[in-house]
Amino acid sequence: MSVKKIGLIVFFISLVFTACKASFSFTGASISPEVKTVSVDFFQINSALAPPTSGQLFTEALKDIFISQTNLVLVKREGDLQFEGYISNYSNNPTAIQGNEQAALSRITMTVNVKFTNTKDETQSFENSFSRFEDLPANVELASREEELLNAINEQLTQDIFNKAVTNW
């Protein structure tokens, strides 16, 4: 093969690679290029049993997932993607009842109502409840592990919300 033919082939291959722009994300996020910002309002607590820190922990977890898994800029208000809502339920219920009618586990459940607005594509906006739980052995004091359990629940909840808002899965 001549040098001219090799040069021509290299030129066309480079032309193809520069002309085609592919978008790939390990998170599966499918965010329009015109979406640049995200805002997350503070999630109030509307559940009597929720710990006082649960609203702040959830709000920060939701911000964190968008900062870590997208290139969006976090703004205080009026982002291209907007999240608002509240913690509607927080419960601690016995589960896995044993033969002696004692609970082997306590199930901590948290439900969050989320209103998501996509200002660039209103068809993707939604208002939904998301609920997740973690189990705690009955012989372990809740106060000693509550923040750890809340963090695990928040991780699951925010991933569910992220997936519904910006993935096509």
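Please treat every number below as a calculation from the coordinates, not as lab data. Just so it is clear, the model here is predicted, and its values are computed rather than measured. All Cβ positions, glycine included, derive from the backbone under ideal geometry; neighbour counts span all protein chains shown.
Backbone amide hydrogens, once placed in the peptide plane, bring residue 43 within less than 5 Å of 59, excluding anything fewer than 5 places away on its chain. Label positions at residue 167 and residue 64, each projected 7 Å from the Cα along the C-beta direction, are separated by 1.8 nm. For residue 104, the amide hydrogen comes within under 5 Å of the amide hydrogens of 95, 97, 98, counting only partners 5 or more places away or on other chains and with H modelled in the peptide plane.
Applied to segment 150-156, the Karplus parametrisation 6.51 cos²θ - 1.76 cosθ + 1.60 on θ = phi - 60° returns per-residue 3J(HN,Hα) values of 4, 4, 5, 5, 4, 4, 5 Hz, with x for Gly and Pro. For segment 30-166, averaging the sequence separation of C-alpha pairs within contact (under 8 Å, six or more residues apart) and dividing by the residue count gives a relative contact order of 23 percent.
Taking 0.36 nm per residue of sequence separation and removing the Cα-Cα distance, the residue 115/residue 144 pair yields an extension gain of 7.2 nm. A simple spin-label model places the labels of residue 30 and residue 42 3.6 nm from each other, with each point 7 Å out along Cα-to-Cβ. Annotation note: GluC sites (Glu not before Pro) in segment 27-94 located in DSSP loop regions with a Cβ neighbour count of at most 11 within 10 Å are 34, 78.
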